[in-house]
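Asks: Dropping the structure in here first, questions after.
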Amino acid sequence: MKRVVVGLSGGVDSSVTAHLLKEQGYEVIGLFMKNWHDDSVTISNECPWLEDSNDAMIVAEKLGIPFQVVDLSAQYKERIVDYMFDEYSKGRTPNPDVLCNREIKFDVFMDIALKLGADYVATGHYCRKGEEIIDGKSVYKLFAGKDNNKDQSYFLCQLSQEQLAKALFPIGELTKPEVREIAKEADLITAEKKDSQGLCFIGKVRLPEFLQQKLQPKAGEIVTIPADFNAYVKEHPKFENKEEELNYFATKFSYNKEDGKVVGKHQGAHYFTKGQRKGLNVGGTKEALYVIETDVNENVIYTGEGKNHAGLYRNVLFVSNDEMHWIREDLTLKSGETMQVDARIRYRQKLENATLHKVDAGLYVEFDNKQSAIQEGQFVAWYKNEELLGSGVIS
């Protein structure tokens, strides 16, 4: 009997994961990750982890599997929360869920599982794993989940071959309604439980309040940029080569306060992110204002009217070599090579046609269609035929 440690979160997905593995004859152990109890920073008013760990324990009892709570809050603070504060302070937008999977679930947590003699670590992610022998060795593949509505492969876009080798995703072939049905039949307390929102194993985070605890408020101005701003309408130069063209289109627009008009005040540019509409509290415009750029050095937020404002859109982004990651190491591009892929720059976005261009300094991702709110710090992930091949941090 192979031993599997399941990250039991107290939700229906991980409950069914444990149930299915037990049915398949594995020896299953349930562990709940306690990722937060820092009194100097409150993450939310509710304290969902208490209720969640309780639900996880009840599920483990029902399934007749050993259960314990592991405290990973020190590592979580250092690797996720401190990183989030640092990124926001630089005017970038991190994705803590992608990091949590790479740094916590499939690293710190996986180490604990392996020390318990586990052969595998299983999670309730909606994605699928494949394996193929290439040149005499096993190559592991990560595929989108069968349920298009719930596919969570994007959150695992930073996993390595070593991590995938030890990972199991038992519900990847199922849809959410099927998972709930199985939970009901198995009489699991989590069958009807609502999906958790927010950070993995922590719950709902009210981001502005969260950030204000470490990043001090600092009054600044909101400037709105007109739709006919000269940089949007100027003629493009002639390019010597493709790399020059890609670099030109990957470069974001730069603004000065004189380029638009001051329409309001804010409490800190580092609390805002590109594409954001809520929280600006500026009235009197025909269409809603969207953040098109934040300048944390000058503490200015630049906005544009309407979600089709030219300042929101670009079709090329860049990933530097040190932020680039291939799950399929065997497919890594060499400088000068290109690859046709489907790509997304955020979870739940539909996949878009794109071309990868490898250059000496990194990788350009050129989309066929312009993308809204390409934001530094977020992850771009690229796929082929439902397989997630790699990802990188947008620079």
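No value in this document is a laboratory result; all are computed from the given coordinates. Model, not experiment: these values are computed from the prediction. Positions of Cβ are backbone-derived with ideal geometry, glycine not excepted, and every protein chain shown enters the neighbour counts.
Asks: Could you line up TYR383, TYR313 from fewest to most neighbouring Cβ atoms inside 10 Å?
Replies: TYR313, TYR383
Asks: Another question, if that's okay. Pull out the extension gain between LYS307 and ASN385, defined as 0.36 nm times the separation in residues minus the alpha carbon to alpha carbon distance; nm, one decimal. Mind showing how you got there, number by number?
Replies: Numbers: separation 78, 0.36 × 78 = 28.08 nm, distance 3.06 nm.
Taking LYS307 through ASN385 to full extension adds about 25.0 nm, to one decimal.
Asks: In straight Cα distance, which lysines are under 20 Å from LYS137, not counting same-chain residues fewer than 8 positions off?
Replies: Straight-line reach from LYS137, under 20 Å: LYS129, LYS166.
Asks: Still on this structure, please answer the following. List the residues whose amide H sits under 5 Å from the amide H of ALA167, counting only those 5 or more places along or on another chain, with H placed 1.01 Å from N in the peptide plane.
Replies: Distant-sequence amide H within range of ALA167: VAL121.
Asks: For each pair in LYS286/LYS370; LYS90/LYS238; LYS274/LYS334; LYS34/LYS115, compute the distance between the two Cα atoms and list the pairs where it is over 22 Å. Before the final figure, lay out each step's value.
Replies: Values: LYS286/LYS370 24 Å; LYS90/LYS238 33 Å; LYS274/LYS334 32 Å; LYS34/LYS115 18 Å.
Too far apart for the 22 Å limit: LYS286/LYS370; LYS90/LYS238; LYS274/LYS334.
Asks: Please find the FRET efficiency linking LEU116 to GLN24, where r is the Cβ-Cβ separation and R0 is fixed at 22 Å, and quote it to the nearest 0.05.
Replies: 0.70
Asks: Which far-off residues, 5 or more places away or on another chain, put their amide H under 5 Å from the one on GLY264, with H placed in the peptide plane?
Replies: The list, which skips near neighbours in sequence, is ILE222.
Asks: Return the FRET efficiency for the residue pair ASP360, TYR248: r is the Cβ-Cβ distance, R0 is 22 Å, and the value is rounded to the nearest 0.05.
Replies: 0.80
Asks: Nearest 0.05, what FRET efficiency do ASN281 and ARG3 give at R0 = 41 Å with Cβ-Cβ as r?
Replies: On the way: r = 54 Å, r/R0 = 1.32.
It comes out at approximately 0.15.
Asks: Sticking with this structure for a sec: Would you kindly state how much longer the chain becomes between LYS334 and GLN75 on full extension, computed as 0.36 nm times their sequence separation minus their alpha carbon distance, in nm to one decimal? List each step's numbers first, then the result.
Replies: Values: separation 259, 0.36 × 259 = 93.24 nm, distance 3.49 nm.
Between LYS334 and GLN75, full extension yields 89.7 nm more.
Asks: Just to check I understand the Karplus step: with θ = phi - 60° and J = 6.51 cos²θ - 1.76 cosθ + 1.60, what whole-Hz values come out for region 346-351, glycine and proline as x?
Replies: Per-residue couplings from phi come out as 7, 4, 6, 6, 6, 5 Hz.
Asks: May I pose another question? Going from the alpha-carbon gyration tensor of the chain, what semi-axes, largest first and in whole Å, does one get by taking the root of 5 times each eigenvalue? Could you put the intermediate results ahead of the total?
Replies: Working: eigenvalues 307, 145, 61 Å².
Its equivalent ellipsoid spans semi-axes of 39, 27, 17 Å.
Asks: Whole-Hz Karplus ³J(HN,Hα) for region 373-384, in order, using 6.51 cos²θ - 1.76 cosθ + 1.60 and θ = phi - 60°, x for Gly and Pro?
Replies: Running phi through 6.51 cos²θ - 1.76 cosθ + 1.60 with θ = phi - 60° gives 6, 6, 10, 4, x, 7, 9, 9, 10, 10, 10, 9 Hz.
Asks: Under the Karplus relation 6.51 cos²θ - 1.76 cosθ + 1.60, θ = phi - 60°, what is the ordered set of whole-Hz ³J(HN,Hα) values for region 140-156, x standing for Gly and Pro?
Replies: 9, 10, 10, 10, 4, x, 4, 7, 3, 5, 10, 3, 10, 4, 3, 5, 10
Asks: Assuming 0.36 nm per residue, please report the length gained on full extension of the stretch ASP368 to ALA288 beyond their Cα-Cα distance. Could you put the intermediate results ahead of the total?
Replies: On the way: separation 80, 0.36 × 80 = 28.80 nm, distance 2.70 nm.
The span from ASP368 to ALA288 would gain 26.1 nm if fully extended.
Asks: Among the listed pairs LYS261/LYS307; LYS105/LYS184; LYS146/LYS252; LYS278/LYS358, give every one whose C-alpha distance is greater than 29 Å.
Replies: LYS146/LYS252; LYS278/LYS358, as the Cα separations exceed 29 Å there.
Asks: Can you return the aspartates and glutamates within cross-link range of LYS350? Criterion is Cα-Cα under 17 Å, with same-chain partners fewer than 8 residues away left out.
Replies: The reachable aspartates and glutamates, counting only those whose Cα sits under 17 Å from LYS350, are ASP147, ASP151, ASP342, GLU366, ASP368, GLU386, GLU387.
Asks: Residues with amide H under 5 Å of ILE327's amide H, sequence separation 5 or more or different chain, H placed in the peptide plane at 1.01 Å from N; which?
Replies: Here GLY390, SER391 satisfy the definition.
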